[in-house]
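Peer 1: This structure is in structure tokens; I'll ask about it shortly.
We did not get these values from a lab; they are worked out from the coordinates using the rules stated. Being a predicted model, the structure only gives us computed values, none of them experimental. For neighbour counting, all protein chains shown are included, and Cβ atoms are generated from backbone atoms with ideal geometry for every residue, glycine included.
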Amino acid sequence: MPESKRRKNRAPRGQQPSESTSPLSGAEQFGFDDLEEDNESLSTWYKTIMFGLMIVGLLWLITWYVTSGDLPVSAAGGWNIIIGFSIVMVGFFMTMRWK
């Protein structure tokens with residue numbers, strides 16, 4: 001691949017090109033210390049409920065499969081799958097506020 005052409009440093013007439021004639025030489029420098037920190041993390045109760053719902057939904061599904069539909073609610077029958085996945089999905093939707 002050919003080497004790209006170098007850009008010439010344009011100096012005002014009568015002056016030699018130097019580092020100080022760069023258009024960015026007078027720019028204000030910022031560091032990471034100048035950036036604002038968004039310390040709006042989720043509260044502990046929110047995280048607890050979020051992970052709790054995901055675990056409870058998973059346990060609901062595992063219990064339904066292991067007991068061949070007898071538990072957790074035998075009257076619901078196949079709807080236990082929808083109930084379990086719904087609980088898990090509520091937990092996953094809560095992760096959208098995660099920062």
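Peer 1: Quick check for you: which residues of the stretch 47-63 have the amide N under 16 Å from the point 7 Å beyond the Cα of Val90 toward its beta carbon?
Peer 2: 47-61
Peer 1: Using only alpha-carbon positions, what ratio does the radius of gyration of the stretch 42-99 give when scaled by 2.2 N^0.38 Å? All intermediate terms of the calculation are to be shown ahead of the outcome.
Peer 2: Details: Rg = 12.9 Å, N = 58, 2.2 N^0.38 = 10.3 Å.
Compactness ratio reported: 1.25.
Peer 1: How do 51-61, 66-76 rank on mean C-beta neighbours within 10 Å, highest first?
Peer 2: Values: 51-61: 16.2, 66-76: 11.3.
The packing order, highest mean first, is 51-61, 66-76.
Peer 1: Residue by residue through the stretch 85-92, which ³J(HN,Hα) values in whole Hz follow from phi under the Karplus form 6.51 cos²θ - 1.76 cosθ + 1.60 (θ = phi - 60°), with glycine and proline marked x?
Peer 2: Working through the residues one at a time gives 5, 5, 5, 5, 5, 4, x, 5 Hz.
Peer 1: If each of Ile49 and Trp79 carries a label point 7 Å out from its Cα toward its Cβ, how far apart are those two points in nm?
Peer 2: 2.5 nm
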